[in-house]
Amino acid sequence: MSKNKRSGLFKLLLGKAWFRLTGWEFKGELPPQGKFILVCEPHTSNWDFIHLLGVMFILRIKISWLGKHTLFKKPFGGIMKWLGGIPIDRRSTHGVVDQIADHFAANENLIIALAPSGTRTKRDHWKSGFYHMGFKAQVPLLLGYVNFATKTAGTGPAFIPSGDIKKDMDFIRDFYVDIRGDHPELESDIILKEEQEG
């Protein structure tokens, strides 16, 4: 079992019950590393989060998420951190990617969940932050998914970004090619701006 902080048996049973009641199936498992970035795609409806929450309960993992630093001021700052929030100061000269790399370096066990599409509406590219965070910190990207076409949700392969954006993104595109969101017409194109500009 990974050293990641694990939720209790109640959440495990709750996650399994959710999948059983909704007719969905969980597939996948955690990579052996104690820290990674969980890629959550496709993101086209609020149901994505509900099913991925079931995945997290079944895997018994505690995830962290990124939030604007102002959300962490008193009186709610402590609650936000307890819920897994990591404050990000976008005004800092120490960029977001570097801030996240520092968090990974300082923690033996850390899982950050990100949706690179960034929105439930269609865009012509993914945000590249998730990739650069993984590369800078040298932690794996774990490809998580919610496939409404097959009513399955879970995790796929994990890999540490090599720095060869085209090669790594081709691998990601191949994985998600047959995975459909709740609203397929709203799925963002799986390409980074750097690829478009290159």
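The values are calculated or read from the model by the stated rules, or taken from the named source; none is laboratory data. Treat the numbers as computed from the prediction; the structure is a model and nothing was measured. A quick note on method: Cβ atoms are made from the backbone with ideal geometry, for glycine too, and the neighbour counts reach across all protein chains shown.
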Given the range 101-198, what helices (runs of 4 or more DSSP H) lie entirely inside it while holding 2 or more residues that are touching a Pro at 6+ places or on another chain (Cβ under 7 Å) and touching a residue at least 24 places away in the same chain (Cβ under 8 Å)?
129-137, 165-176
Test P157 against the stated conditions and say whether it is under 26 Å from F19 (Cα atoms), touching a Leu at 6+ places or on another chain (Cβ under 7 Å) and of a type outside the set (S, T, Y).
yes
Any residue in the range 110-125 that is surrounded by fewer than 18 Cβ atoms within 10 Å (Cβ to Cβ), of a type outside the set (K, R) and either modelled with pLDDT of 95 or more or under 12 Å from the mean Cα position of the chain (by Cα) (or both)?
yes
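Yes/no matrix, rows are residues, columns are (1) over 28 Å from G34 (Cα atoms); (2) among the hydroxyl-bearing types (S, T, Y); (3) crowded, with 19+ Cβ neighbours inside 10 Å:
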| residue | (1), (2), (3) |
| --- | --- |
| Y131 | no, yes, yes |
| G134 | no, no, yes |
| P161 | no, no, yes |
| M169 | no, no, yes |
| D178 | yes, no, no |
| K193 | yes, no, no |
| Q196 | yes, no, no |
Quick one: D102 ticks every box in (1) surrounded by 14 or more Cβ atoms within 10 Å (Cβ to Cβ); (2) modelled with pLDDT of 80 or more; (3) within 25 Å of H132 (Cα to Cα); (4) not β-branched (V, I, T) bar one, so which box is it?
(1)
Subset of the range 126-144 (residues that are modelled with pLDDT under 95 and of a type in the set (S, T, Y))
S128
Could you check, for the range 46-69, whether at least one of its residues is surrounded by 15 or more Cβ atoms within 10 Å (Cβ to Cβ), modelled with pLDDT of 90 or more and in a strand (DSSP E or B)?
no
